[in-house]
Amino acid sequence: MEWIDVGPADELCRRPVQTVTLGRLKLALTFHDGRFGAISAVCNHAGGPLGEGRLAGEYVVCPWHYWKFHASTGEGEPGFEEDRVPAHDVRVDQGRVLVNPTPRTTRQRKPHAPHPLARPPRREPGPLRVLGLSTTAMSAGEPRYSTSDDLLEHALRAAADGLGCATRLVRVRDLSFRACEGFYSKAARACTWPCSITQMDPLDQMEQVYEGVVHWADVILVATPIRWGGASSLYYKMIERMNCIQNQETIANRHLLRNKVAGFIITGGQDNVQAVAGQMLGFFAEIGCQFPQFPYVAHSRGWSAEDMQNNQRAVQNSTALHDGAAALARRCVEMAGVMIAGELGAQALVRGGRKGHDLTASGPAAEPAAES
Ligand code: FES
């Protein structure tokens, strides 16, 4: 039996979990209750680094999405024992920790039913479909007039009544969903599709936005008020959770959005329309949307217009703004029709342009391929 010396026991016992590297093999070495254990450092789920995890009782917790594997047998937590990573024999001899590089057990993956959102995006036949996303916040029990909601609802009515589209409105304020918790900040591959939170938390309702944007809509109309020169806090909370859509370009060269058109409705009592529009255009371009000519309608009465009650009336009574919202919907719908009828070549979207850097290529974003 071959044993490899990985270091002095009195040093290695100071950390409950750590990574040790044997050639190309990465192991999670643990020390618990006076005993060393060694299992593969590559998580069964998405390849997370188990050696950088923590110990919870006898289990190593993956730092990416918290799957657990027994520190010495490699088996999953109770109920998931069949989901196991390879386990290695360890012994201490004359103060040195020795690990057998040949695993005692093999890797085994328990089949997990895929999340419904994981199905391949495919446009079902039918009329053009327009999704409205309202990102205005207000009290659920005491609704108020919202200029951006008014124009969005008008645009959706125009698309349904005038253009024969199917429409759907998601008021983001009605959804209970968690803020992005930074899985992407841990590693590009830790940010998964469907979103890691969506897969782990059945109560999280961001799923409704994902379903609408990825699987249903041809046109996405996003409405926001201007808040201190930016889009609404709900808008940012929503788009942070949509990083998982763009990240598929990077980690899988996979285009979740094809032939989708986005348009924006931006209203505020005070100014900064162009900066808000620029941010929204930038984000929706990165996730793969196209834009019609003149992709937003907006309204602002300027920096010193603090009389918001008059601003509300100005929008409410403005034929030009309502006509403009309806015309935006028409431009988006017509463009979506053209795009659906004439497919872009498959190569047109490779890796989402310059953003989708190949993680395994050499360069600043390179990372080593995961070992099995
Ligand atoms: S839990 Fe380990 S990679 Fe997801």
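Residues of the stretch 285-299 that are in contact (Cβ under 8 Å) with a residue 40 or more places away in the chain and crowded, with 19+ Cβ neighbours inside 10 Å: ILE287, GLY288, CYS289, GLN290, PRO292, VAL297, HIS299. The listed residues are ILE251, ILE220, and the only one of them that is assigned to a helix (DSSP H, G or I) and either among the aliphatic types (A, V, I, L, M) or surrounded by fewer than 19 Cβ atoms within 10 Å (Cβ to Cβ) (or both) turns out to be ILE251.
Contact map, the stretch 325-338: residues that are assigned to a helix (DSSP H, G or I) paired with residues that are modelled with pLDDT under 95 and of a type in the set (Asp, Glu), Cβ distance under 6 Å, separation 6+ or inter-chain. No pairs are found.
Matching residues to (1) free of Cβ contacts under 8 Å to residues at least 60 places away in the same chain; (2) within 30 Å of the chain's Cα centre (by Cα); (3) in the same structural domain as PRO194 (by TED's automatic domain parsing):
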| position | (1), (2), (3) |
| --- | --- |
| CYS13 | yes, no, no |
| LEU22 | no, no, no |
| LEU27 | no, yes, no |
| VAL61 | yes, yes, no |
| THR73 | yes, no, no |
| PHE80 | yes, yes, no |
| VAL92 | no, no, no |
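Within the stretch 32-57, can you find the residues that are assigned to a loop (DSSP other than H, G, I, E, B) and away from the ligand (no atom under 11 Å from the Cβ)? Passing the criteria: ASP33, GLY34, GLY57.
Just one of the listed residues (LEU117, LEU133, LEU98) is part of a strand (DSSP E or B) and out of contact with any Gly (no Cβ under 8 Å at 6 or more places or on another chain), and it is LEU98.
Residues of the stretch 61-83 that are within 14 Å of the ligand (Cβ to nearest atom) and of a type in the set (Gly, Ala, Ser): GLY74, GLY76. For the stretch 234-245, the set of residues classified as buried (at least 20 other Cβ atoms within 10 Å of the Cβ) and more than 13 Å from TYR210 (Cβ to Cβ) consists of LEU234, TYR235, listed by residue number.
The values are calculated or read from the model by the stated rules, or taken from the named source; none is laboratory data. None of these values were measured; they are calculated from a predicted model. Note: ideal-geometry Cβ built from the backbone for every residue, glycine included; neighbour counts use all protein chains shown.
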